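Engineer: Sending over a structure as structure tokens; questions will come in a sec.
Derivation of every value follows stated rules applied to the coordinates shown; laboratory data play no part. None of the values given here were measured: they were computed from a predicted structure. Positions of Cβ are generated from backbone atoms using ideal geometry, with glycine treated the same way; all protein chains shown enter the neighbour counts.
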Amino acid sequence: MALHATGIFPPFGQPMGEALFLLATAYRIVYGVAGSYIAAQLAPDRPMQHALALGVVGLVLSIAGAVAMWDAGPAWFSFAVIAIAMPCAWAGGRLRDMPLRAR
């Protein structure tokens, strides 16, 4: 919403270029890692499992979104969003784990 409001993305309903889909993929990676880090940080125990559980939710929602919006953008974007769900979750959980291992 913020990228549409600032004019970086075109208004809703207008097509986006390939570079903007690449930008969308990049910010999804950042949000995926950050969200999984937060889930792991808030977990009472087994933080990596909580991060990966969030990754599974992201994977399911990404598949559903790809099916629903298949014609809305390039096919590589749908596949990329699906493909990054679990690696981002793992990275977020790993980031949370790193300071603990150093102690």
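Engineer: Would you mind calculating the gained length between Gln14 and Ile63 on full extension (0.36 nm times residue separation, minus the Cα-Cα distance), in nm to one decimal? Please report the intermediate quantities before stating the final value.
Structural biologist: Values: separation 49, 0.36 × 49 = 17.64 nm, distance 2.30 nm.
Net length gain for the segment: 15.3 nm.
Engineer: Based solely on its DSSP helices, what 222 nm [θ] is calculated for the chain when runs of n ≥ 4 H residues each add -39,500 (n - 2.57) and the sum is averaged over all residues, nearest 500 deg cm²/dmol?
Structural biologist: Values: 4 runs with 79 residues, N = 103.
The helix-only estimate for the chain comes to -26500 deg cm²/dmol at 222 nm.
Engineer: Let me ask another. Candidates (i) -0.69, -1.05, -1.18; (ii) -0.46, -0.79, -0.97; (iii) -0.46, -0.94, -1.26; which is the computed log10 I(q)/I(0) by the Debye sum over Cα atoms at q = 0.12, 0.17, 0.20 Å⁻¹?
Structural biologist: The value matching this structure is (ii).
Engineer: Can you tell me the length gained on complete extension of the stretch His4 to Leu42, counting 0.36 nm per residue apart and subtracting the Cα distance? Each step should come with its number before you reach the end.
Structural biologist: On the way: separation 38, 0.36 × 38 = 13.68 nm, distance 3.11 nm.
Here the answer is 10.6 nm.
Engineer: Relative to the Cα centre, what is the charge dipole magnitude of the chain, using +1 at the beta carbon of each Lys and Arg, -1 at the beta carbon of each Asp and Glu, and rounding to the nearest 20 debye?
Structural biologist: 460
Engineer: How much length would be gained if the chain were fully extended between Trp76 and Ile29, taking 0.36 nm per residue of separation minus their Cα-Cα distance, in nm to one decimal?
Structural biologist: Working: separation 47, 0.36 × 47 = 16.92 nm, distance 1.50 nm.
Computed gain between Trp76 and Ile29 is 15.4 nm.
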